[in-house]
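Chemist: Okay, handing you the structure first.
Only the coordinates and a few stated rules stand behind these numbers; no lab work does. These figures come from a predicted structure and were not determined experimentally. In this analysis, Cβ positions are derived from the backbone assuming ideal geometry, glycine residues included, and neighbour counts consider all displayed protein chains.
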Amino acid sequence: MAVGKRKIIAEPKELENMPEPGADDVYGVISKMVGYDKVLVDCSDGKQRLCRIRGQLKRKIWVKEGDLVLVSPWDFQRETRGDIWWRFTKNQALTLAQRGVLPEFLRARIEK
């Protein structure tokens, strides 16, 4: 048994399984972890929202500052609140940035 870091190889299927945002969904980059399941997200529509990480997502993967996510704004408090329902991997985020899907200010934060 080898001890050490595991080598992670980007699989082609990882890039194929990226979800498309719905009519109300926006891209966002996590700017600050607030606590428990809440984070501040800078969204592609120019607003900063306090978002909740959905339980389904919270139990499966970890999110950290600088991650690209898909945000679904709430029906009420639409300008200030939302739910995070998908986190993109680093390779997926770079692919979206190269395709020109993301606005310039988000693209700059992803490519750091």
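Chemist: Just how large is the dipole of segment 23-110 about the Cα centre, in debye to the nearest 20, putting +1 at every Lys and Arg Cβ and -1 at every Asp and Glu Cβ?
Modeler: Dipole of segment 23-110, to the nearest 20 debye: 380 debye.
Chemist: Please give me the summed charge of the neighbours of Tyr36: other residues whose Cβ is under 11 Å from its Cβ, Lys and Arg +1, Asp and Glu -1.
Modeler: +2
Chemist: Gain in length, Lys60 to Glu111, computed as 0.36 nm per residue apart minus the alpha-carbon separation, to one decimal in nm?
Modeler: So the extension gain works out to 15.9 nm.
Chemist: Restricting the calculation to Cα positions, tell me the Rg (one decimal) and the Dmax (whole number) of the chain in Å.
Modeler: My reading of the Cα-based Rg and Dmax gives 14.6, 53 Å.
Chemist: Near Lys90, which aspartates and glutamates are there with a Cα under 12 Å away, not counting those fewer than 8 places off in the same chain?
Modeler: Partners within reach: Glu14, Asp67, Glu111.
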